[in-house]
Amino acid sequence: MSTATSLAQVAPANVPQPLYEFTDSPLLHRQQQQESNARSYPRRIPLALKRARGIYVEDVEGRQFIDCLAGAGTLALGHNHPVVVEAIQRVLADELPLHTLDLTTPVKDRFVQDLFGVLPEALRREAKVQFCGPTGTDAVEAALKLVRSATGRSTIITFQGAYHGMSQGALSLMGSLGPKQPLGALLGSGVQFMPYPYDYRCPFGLGGEAGVKANLHYLENLLLDPESGVPLPAAVILEVVQGEGGVIPADIEWLKGVRRITEQAGVALIVDEIQSGFARTGRMFAFEHAGILPDVVTLSKAIGGSLPLAVVVYRDWLDTWKPGAHAGTFRGNQMAMAAGSAVLDYLVEHRLADHAEAMGQRLRGHLTTLQKDYPQLGDIRGRGLMLGVELVDPDGARDAQGHPPAHRALAPRVQRECLKRGLILELGGRHGAVVRFLPPLIISGEQIDEVARRFADALVAAV
Ligand SMILES: Cc1ncc(COP(=O)(O)O)c(C=O)c1O
């Protein structure tokens, strides 16, 4: 019996877990001593992991956890899925070149065909792909350079709450000020922030259809009024569901409106699908919910089947940059491309977009039932298996829409109680008050029920 199989067997759903207590194990102690102060996840998820399979991970002390963080949404097929493992093993067994810069290979060629095969027809017809350095951030950097070179304009419109990565260009597009303030000037005046259609905390205090209309009117005015005071940008960049910003799904009419307005103004639309892409939201790409055609799509995370890979796909009218305009050494990871092809094939063959939609509805149903007894679950939102719950203080002062304030102290308590019950969840959003569910897309209905049961137990202990 392989170790991976035994992990799957020892961690079945519906078996009550003992409550875990967390101590300062030698590995965690050394990590704390030796790794940089910028380390992030280990602060809230103090685990040293040893094995992983499917939705489960096991730590060095033999405790099992359901992983609803899944490499920040990377592990579409969960940990060590057999098709991914086999694809990687085949690359090694056949002595394929592991590193090829951006030279082509049969593995790369197949990956591009697989990728183009899942693009919506209208985009596929005009698509070009650029392989980037192996992080989502580098795909965003490439997208920025692409639209600036092609339009001859330099500014970018981004949105409050946005997250596009951690390099200094991508960071300048970020809504959160925390990581930016210590750095001084980034792109500075080259970036214009606009309100995102955050329905529960509408920037116009309106919400619903009225909030969306006001939002679009504001954008239209900014782009089309010759005296708006804002230069016409090279592009508008957006996430269809803001992930790190608090799992905020953009309204479908808003997405259509942004596409209409940007087209009218001759401004490129960059859709960042790094987190929402590849079936997670119930469609292969989240922008497909609105039936829009972006000019540029940034892709990473799930596309490498757990290994690092990032690309930018764009319409050929933008392909005016010069040879070498976006280079980089690590753009030819063959194992990541082979694993990525395996993931894409599996997603299509097993209709995982539909499955993500159904599992998302099932989890949402559990959370909505729980909300009836726990007013601390202020807003349950997202698409497919990209779900979040904004925790609120029901006794706090209400905002313009009548909603209680975010409960910044409760969220880490809930996260900790989940961890004690063998459930890994991450926090995000304003004040870190949004509990995020990003499980592997292969999660079963019974496993969703178990996630909900552990979350409910944790909530009871935390409130
Ligand atoms: C929407 C979005 N864009 C870009 C990034 C940056 O990707 P990476 O962390 O791989 O650089 C992320 C990471 O979470 C993301 O969610």
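The values are calculated or read from the model by the stated rules, or taken from the named source; none is laboratory data. Only a predicted model underlies this, so the values are computations on that prediction, with no experimental measurement involved. Methodologically, a virtual Cβ is constructed for each residue, glycine included, from the backbone with ideal geometry; neighbour enumeration extends over all protein chains shown. Protein only, heavy atoms only, side chains kept; ligands, DNA and RNA dropped before computing areas. Shrake-Rupley method; radii C 1.70, N 1.55, O 1.52, S 1.80 Å.
What the table below lists for this structure:
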| item | result |
| --- | --- |
| Strands (runs of 3 or more DSSP E) lying entirely in segment 222-338 (those with 3 or more residues that are open to solvent by less than 20 Å² (accessible area, probe 1.4 Å) and within 30 Å of His431 (Cα to Cα)) | 235-238, 268-272, 296-299 |
| Only one of Gly291, Gly245, Gly282, Gly266 that is modelled with pLDDT of 95 or more, away from the ligand (no atom under 16 Å from the Cβ) and touching an Asp or Glu at 6+ places or on another chain (Cβ under 9 Å) | Gly282 |
| The listed residue being modelled with pLDDT of 95 or more, more than 12 Å from Leu115 (Cβ to Cβ) and not polar (S, T, N, Q), out of Leu352, Leu344, Leu299, Leu309 | Leu352 |
| Some residue of segment 136-158 being under 21 Å from Ala342 (Cα atoms) and within 21 Å of the chain's Cα centre (by Cα) | yes |
| Residue satisfying condition, being under 21 Å from Val296 (Cα atoms), outside any helix (DSSP H, G or I) and touching a residue at least 12 places away in the same chain (Cβ under 8 Å), within set Tyr196, Tyr200 | Tyr196 |
| Single residue of Arg421, Arg351, Arg364, Arg398 found to be open to solvent by 20 Å² or more (accessible area, probe 1.4 Å), within 23 Å of Ile45 (Cβ to Cβ) and more than 17 Å from the chain's Cα centre (by Cα) | Arg421 |
| Test: residue in segment 206-216 that is within 14 Å of the ligand (Cβ to nearest atom), open to solvent by less than 10 Å² (accessible area, probe 1.4 Å) and touching a Cys at 6+ places or on another chain (Cβ under 7 Å) | no |
| Qualifying positions in segment 401-414 - touching a helix residue (DSSP H, G or I) at 6+ places or on another chain (Cβ under 6 Å) and open to solvent by 10 Å² or more (accessible area, probe 1.4 Å) | Ala406, Arg408, Arg413 |
| Residue match in segment 372-385 (condition: in a helix (DSSP H, G or I) and farther than 30 Å from Phe285 by Cα) | yes |
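Condition check ((1) hydrophobic (A, V, I, L, M, F, W, C); (2) in contact (Cβ under 8 Å) with a residue 60 or more places away in the chain; (3) within 16 Å of the ligand (Cβ to nearest atom)) across all residues:
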{"position": "Asp102", "(1), (2), (3)": "no, yes, no"}
{"position": "Ala127", "(1), (2), (3)": "yes, yes, no"}
{"position": "Gly136", "(1), (2), (3)": "no, yes, yes"}
{"position": "Ala142", "(1), (2), (3)": "yes, yes, yes"}
{"position": "Met166", "(1), (2), (3)": "yes, no, yes"}
{"position": "Ser172", "(1), (2), (3)": "no, no, yes"}
{"position": "Pro182", "(1), (2), (3)": "no, no, no"}
